[in-house]
Amino acid sequence: MGTMGKAFYNVGFWIRETGQALDRLGCRLQGKNHFREQLSRHRTLMNVYDKAPYVNKEAFVAPSASITGDVHVGRGSSIWYGCVLRGDANSISVGAGTSIQDNSLVHVAKSNLSGKVLPTVIGDNVTIGHSAVLHGCTVEDEAYIGASATVLDGAHVEKNAMVASGALVRQNTRIPSGEVWGGNPARFLRKVTEEERAFFSSLAADYSNLAQVHAAENTKDLDETDFKKLLYKKNASDAEYDSVLNDLTLPENVPKAA
Amino acid sequence: MATSLARISRRGIAYALSSNLIRRSFAAEAVVLKTTEVPKPISEVTPSPDRVKWDYRGQRQIIPLGQWLPKVAVDAYVAPNVVLAGQVTVWDGSSVWNGAVLRGDLNKITLGFCSNVQERCVVHAAWSSPTGLPAETLIDRYVTVGAYSLLRSCTIEPECIIGQHSILMEGSLVETRSILEAGSVLPPGRRIPSGELWGGNPARFIRTLTNEETLEIPKLAVAINHLSGDYFSEYLPYSTVYLEVEKFKKSLGIAV
């Protein structure tokens with residue numbers, strides 16, 4: 001049986017080599033328009049000369065995020081898919097338990113109109129919504145930056161404050177504690193209610209837990225993902241198909257076959 | 001003469017036999033030696049202790065979470081930049097363009113027939129919706145979602161256009177054949193009636209759509225479907241990156 005296995009192994013190699021040769025032939029036929037795939041050069045953590053990011057072991061950083069330069073990410077924080085944290089001109093520090101949701105951009109200012117160069121400081125348990133843009137600002141603990149909000153240079157969002165979705169917080173605006181600001185340009189809307197305050201802290205904890213699930217899934221290597229694919233194929237069931245299947249029962253008054 | 005011949009032949013045979021035997025025994029020893037001694041790689045590769053700085057695999061496109069596996073139809077175009085996580089279903093003829101993130105980890109996301117989610121959108125589903133209805137994000141057929149939008153637990157009925165950089169918050173409903181202008185923000189629970197054009201932050205009524213405009217909506221979706229067909233045909237069914245990986249590993253001396 002050993003020789004049979006060896007024979008199959010060799011035949012497998014012949015077929016693979018043939019396939020690769022055909023691939024090269026096809027590339028040549030495509031001429032100058034052909035595309036050869038390269039390894040992904042995306043660097044999740046990248047240093048700019050001597051400024052290297054420091055990410056806590058317990059934090060979740062999505063592989064498609066880009067963290068470059070002088071960035072410090074605290075314990076239990078999560079940086080979701082597609083985020084860009086560019087700490088090249090100055091430093092960014094993200095506290096513990098903070099979540100920076102998908103496609104956000106945290107950038108620092110090297111020069112701005114007022115001449116002040118500001119690092120971006122994000123406190124603990126902050127939730128920064130999807131597609132937010134934070135540029136050279138300070139966000140204190142337990143704040144909530146709504147989805148697609150833009151917070152510009154020198155802005156200071158205090159503890160438990162909330163920036164509504166789609167808001168544009170202009171330069172050097174100070175958002176006092178416990179207030180909701182929104183609109184373009186951002187102005188005071190209302191005060192944060194008690195339940196919203198509790199909601200923020202529970203939200204941060206929820207996202208932290210969710211991040212661990214994503215972290216576990218993203219760090220799987222080829223064997224584990226293949227195994228999982230196999231399991232899915234075996235247990236594949238479509239909810240709609242199954243529900244229709246369950247409906248195929250004989251009505252009550254039809255006599256069953258004897 | 002015969003005896004000497006016999007002697008020579010005997011000696012020759014003996015010699016051949018013995019040398020063969022010796023050679024075979026050496027060969028056996030050599031084989032034993034080879035199997036016991038594993039060839040050492042030229043350079044020792046140690047994984048980084050705390051965090052992987054660079055993974056040649058990049059970001060996986062489809063991320064199953066728990067028992068949920070994102071499902072992509074066979075003729076749907078999903079760009080390689082896209083991240084589909086959790087309960088996401090991309091139906092036939094639809095397309096998800098570069099950089100979009102469809103995160104169905106808390107609730108279901110469905111992208112209907114011939115719809116498209118354009119570049120850098122974020123589609124997320126919250127755990128619960130303020131309206132009390134199921135908080136899944138449902139994008140029905142022939143919907144065009146413009147670039148850089150944010151859709152959160154909303155329902156978009158058939159044949160709509162959502163403008164670029166729009167934000168649809170939890171529980172919002174965009175009824176069939178309506179258009180949302182670029183940059184519009186729908187607060188939670190907002191409903192856009194059928195056949196109207198809304199826009200602004202927060203979204204306000206602008207005007208009703210004429211019949212011709214309503215007929216253009218599915219045409220736009222179909223046009224983007226054709227465009228996505230071109231992109232789809234550019235990609236081989238399976239990536240050939242593994243060849244580069246093998247070359248790479250060989251140059252580093254890691255066993256392939």
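Throughout, read-outs are computed from the coordinates displayed, never taken from laboratory work. Every value quoted in this text rests on a predicted model; they were computed, and no experiment measured them. Reconstructed Cβ throughout: ideal geometry from the backbone, glycine too, with neighbour counts over all protein chains shown.
Summary table below
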| quantity | calculated |
| --- | --- |
| Charged-residue dipole, Cβ positions (Lys, Arg, Asp, Glu), segment A:45-194 about Cα centre, Debye nearest 20 | 340 debye |
| Segment A:45-194, relative contact order in percent, only Cα pairs under 8 angstrom and at least six apart counted | 13 percent |
| Inter-part distance where segment B:161-202 and segment A:35-58 are each reduced to a Cα centre, Å | 38 Å |
| Scattering curve values for segment A:45-194, log₁₀ I(q)/I(0), Debye with Cα scatterers, q = 0.13, 0.19 Å⁻¹ | -0.50, -1.07 |
| Beta bridges by DSSP in segment A:45-194, antiparallel share as percent, to the nearest 5 | 10 percent |
| Top positive-direction residue, dipole computed over segment A:45-194 with Cβ charges, set A:Pro176, A:Ile122, A:Ile79 | A:Pro176 |
| Antiparallel %, DSSP beta bridges [both residues in chain A], to 5 | 10 percent |
| Relative contact order (percent, whole number), chain A, Cα cutoff 8 Å, 6+ residue spacing | 9 percent |
| Over 29 Å between alpha carbons, listed pairs A:Lys234/B:Lys108; A:Lys6/A:Lys32; A:Lys32/B:Lys250; A:Lys229/B:Lys249; A:Lys6/B:Lys247 | A:Lys6/A:Lys32 |
| Sorted by Cβ density within 10 Å, fewest first, the residues B:Ile192, B:Ile167 | B:Ile192, B:Ile167 |
| Rounded to 5, percent antiparallel among DSSP beta bridges of segment B:62-234 | 10 percent |
| Overall Cα dimensions of segment B:68-140 - principal axes, largest extent first, Å | 34, 21, 20 |
